[in-house]
């Protein structure tokens, strides 16, 4: 049998996706049911219980394939990055959508009427996808229900040009393992979320990002001095289990557990601290 990355492979000993038949061993196989994220933001857990570690978050409107529905938990594979895990069934909605718009601000509210004085009935994070059914003054009506301030949405096909500028808007967001929104974010989540707003699909975890994003810069000695004349805005700096984004030739933007938030600091300072206390030396620099 083939070896697959368990993070991205819907296969357990008792159940696996039908498309893996003949490639993995399982008691039964399921074709999967097309669903979508109906909640504003949904935590994907490692096990079907709320105290299980969070692997990542899925955003409103994202496609999901449901392979098992048991005791309020769905075993799923996410459509955007293929991550596999458990979602609360209350976070899911039937079927998929063809989104017309996407949230372009860190967070926005859904109102029951096109009036900001009404108490919100929900909230949507940056990158959430929706179907707009009409316009009411300064608000856009959602096909599901409710209204969102029009300036907080952009057409789905419209993308930002600078992913670093997106990441910069998330400065000071608290660090959250598995997080991918302004309520909490981790290092690889910051990279993935920011790139998505420019139309670039990125893997979820740092090792996969290092393997798949951009071009490896040819450094004779990655432990040696990193010349400011060499680095550019948007370069990704990798450590084992960590990633940051260069804002310019010297400044690093990253979500990290030392500050427990997204910060901007000199790369030299971050590099020295990380080398001494946590992830060791820089392992790669990738240029997009």
Globularity ratio of the stretch 38-102, using Cα Rg and 2.2 N^0.38 Å:
1.03
Protection proxy (average C-beta count within 10 Å per residue), highest first, orders 160-170, 4-14 as 160-170, 4-14
Compactness of the stretch 163-287, expressed as Rg and Dmax over alpha-carbon positions, Å:
13.1, 40
Rounded if a/c is under 1.5, else prolate if a/b is larger than b/c, else oblate: which is the stretch 151-215, with a ≥ b ≥ c the root eigenvalues of its Cα gyration tensor?
oblate
Of all DSSP beta bridges having both residues in the stretch 6-94, the percent classed as antiparallel (nearest 5) is 85 percent
Once you order the gyration tensor axes a ≥ b ≥ c over the Cα atoms, which shape class does the chain get: rounded for a/c under 1.5, otherwise prolate or oblate by comparing a/b with b/c?
oblate
When the helix-only estimate is applied to the chain (DSSP H runs of n ≥ 4, each -39,500 (n - 2.57), divided by the residue count), what is the mean residue ellipticity at 222 nm, nearest 500 deg cm²/dmol?
-3500 deg cm²/dmol
Which order results if 76, 263, 131 are arranged by neighbouring Cβ count within 10 Å, fewest first?
131, 263, 76
For the pair residue 156 and residue 21, the simple spin-label estimate (label points 7 Å beyond Cα toward Cβ) gives in nm 3.0 nm
Along principal axes, largest first, the alpha-carbon spread of the stretch 63-173 in whole Å comes out as 43, 34, 28
Beta bridges per DSSP with both ends in the chain, % antiparallel, nearest 5
95 percent
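Throughout, read-outs are computed from the coordinates displayed, never taken from laboratory work. Just so you know, these numbers come straight off a predicted model, no measurement behind them. Here Cβ is always computed from backbone atoms with ideal geometry, including for glycine, and neighbour counts include all displayed protein chains.
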